[in-house]
1. Please name which of A:158, A:202, A:184 has its Cα lying farthest along the dipole of segment A:155-236 towards the positive end, using unit charges on Cβ (Lys, Arg +1; Asp, Glu -1) and the Cα centre as origin.
2. Which loop-located trypsin sites (Lys or Arg not before Pro) does segment A:68-143 contain, where loop means any DSSP state but H, G, I, E or B and the Cβ has at most 14 other Cβ atoms within 10 Å?
3. R0 = 25 Å: FRET efficiency of residue A:94 with residue B:14, Cβ-based, nearest 0.05?
4. Assign unit charges at the C-beta atoms only (+1 for Lys and Arg, -1 for Asp and Glu), then state the dipole size of the protein assembly as shown relative to its Cα centre in Debye, rounded to the nearest 20.
5. Total Lys pairs in the protein assembly as shown closer than 30 Å by alpha-carbon, pairs eight or more apart in sequence or interchain only?
6. Compute the semi-axes of the equivalent ellipsoid of segment B:170-239, taking the square root of 5 times each eigenvalue of the Cα gyration tensor, and list them largest first in whole Å.
7. Using the scaling law 2.2 N^0.38 Å as the reference, what is the normalised Cα Rg of chain A?
8. Please report the projected area of segment A:1-123's Cα convex hull averaged over all directions, in nm².
Amino acid sequence: MDRTAYFLVVPLIAVLAVVEAYPLAYSVYLSVTSYGVGGAFVGLTNYAQLFSQPDFWAALSTSVVFSSGSTVVSIALGVSFAYLLTLVRRGRGVFEAVFLMPLAAAPIVAGVAFAPSGFWDDINTFWHYVLGQPYFNVAGNHLYLFIMVLSDSWEWGPMMMLVALSVLASVPRPVYEASESFGASRWSTFRTVGLPAILNSPVFHFMIIIRFVDAMRAFEIPFAWAGWLNYLYPGAPTDTLSLYLFKLLLVPPNGVIPISLISAAALVLLVVTLLGTTLLYRLMRGLRKI
Amino acid sequence: MTQASNPKPRPWVFRRLPVFLGLLLATLFSFWPIMTMFFEGADIDLGPLWSGKGFSFVSGVPYYSGGFFPSWANFRDALLWGNFPKLVLNSTTIALLSIVIALAAGIPAGYALARSKLRGMGAIGFLLLALRTVSPFAIVLPLYLTYIRVGLFDTYLGMSLAYLVIDVPVVVWMLSGFFREVPGSMYEAAESSGASEAQIFWRIALPSVAVGVAATMIFAFVLIWNEFLMASLLTGAATKTVSLGVWSGVGEAFGGLQSADWDAINAAGTLAFVPAFALILIVRQYLAKGFSLATAE
């Protein structure tokens, strides 16, 4: 099982070469040429043009805010749902199944389910007619950004919950019993034993990274919100970088699809995400060592 | 223990009240958006009912104008007149084809990652993580330009190849976890009785992870079923997938930023959600397990 291992990964490498390395190399090529207008080598002109656009910076910062927010909120949701489930005495399986529902929803479904005229209409009705408060405007005050983060976390919180539950289950039973025999409450047992176990586990760190990385590419929820709020032009406030690029493809500003520009932007997003991931990875390794 | 040390234990209901409230909130939060989607699809508008807005008196006669008019029309239209069955067929074909290719590459690789202690193996795990940071646009645009040239645009094969980006990492991660769970003593016993590497793989390792392979396939299927961005750029009329059908309300309007009829979108969203939820319920206990085993140090 030593030399054979190399042969066993050959199919994987072949697949990655075709579906990852080839398109990536092609993207790099596109980003340094003027696609559609001659195709000549233009060096870093596309990047310079990209960096000079305020819309790009706005979209990039929206992406960073969105994915940081979504990572934090989905961790909070996942861990608190896991804690809640440990308190349930009967029917735990039923509650777990209900809490898992959002995980099965497609991101576009999350965009639809949390639409202003869907879920938020119900919330607004309750808020206004039952609690007597004035309507809140989901389109204003950056509230839509918060709702987008919330719907993304709604979808991926359950995954965090599953992982947190599996970590909790792996804590040896006697540890809990010892804690309880000292008269600790369920909450303080969780705080001193369960929570650190979750936050220090490699699998949870892995999930945090995956969550951040996936949210950096987030497209469907912002896309749906662009539809709800009628922000159909590139550079609208709901634009994450992915959505901005999509709009450049679909409704190009000058009628010409800026393929080279989009490739350059996609590669910049890749670099930013990689940097963020490396930072997260370092941070969590550091935490684990303490 | 805690309660026993209290001089006067509070009634059961009060002690459990925070838990009940927490469960109620968490259930509503998880469940209500889906429920709303179903209600909107079925033309059930509850708002006017409980806000009291649906009732009024028209010259002294009670009059109901609320939105509670349940109907299956949107679901029926999507299933019978819309092309929902065709979309399901497309999504299923694309996903299965892609998963078969992913398994062919991922099973050997997962096995190697789990069993070999060679230096490069850890790098492959990290490479897969790093590749996940690639923006879909860096993949989709080159694929689109290539597909147009070689005739793979709007074909099942083209879509399946594109989706390898999504399912290959998941397959390798989860399967390397499940392979790791096979006790080392089983391999040693087989080796000492003279079994070849191939025999060990086919007779011992693979059968032990059969359930894990099934769970991985189902999870990858759900991921592909739910994918939207790549499908919106790489499919035409022939290979539209289910999640695209959600946005277009299973009608013809499609791909653009403008959405279709609101009720039709909600009905289609509900229809797309139900099978995915059923599949997630089946594999729920394996999801966290696969990733935990894969990342164990």
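Every number in this text was worked out from the coordinates using simple rules, so none of it is lab data. Nothing here was measured: the structure is a model prediction, and the numbers come from that model. Every residue, glycine as well, gets a Cβ built from its backbone with ideal geometry; the counts of neighbours run over all protein chains shown.
1. A:184
2. A:89, A:90
3. Plugging the Cβ-Cβ distance into 1/(1 + (r/R0)^6) gives 0.55.
4. Charge dipole of the protein assembly as shown: 1740 debye, to the nearest 20.
5. Lysine pairs, 8 or more places apart or on different chains, close enough: 6.
6. Its equivalent ellipsoid spans semi-axes of 37, 12, 8 Å.
7. Computed over Cα atoms of chain A, the ratio equals 1.21.
8. With every direction weighted equally, the projected area is 15.6 nm².
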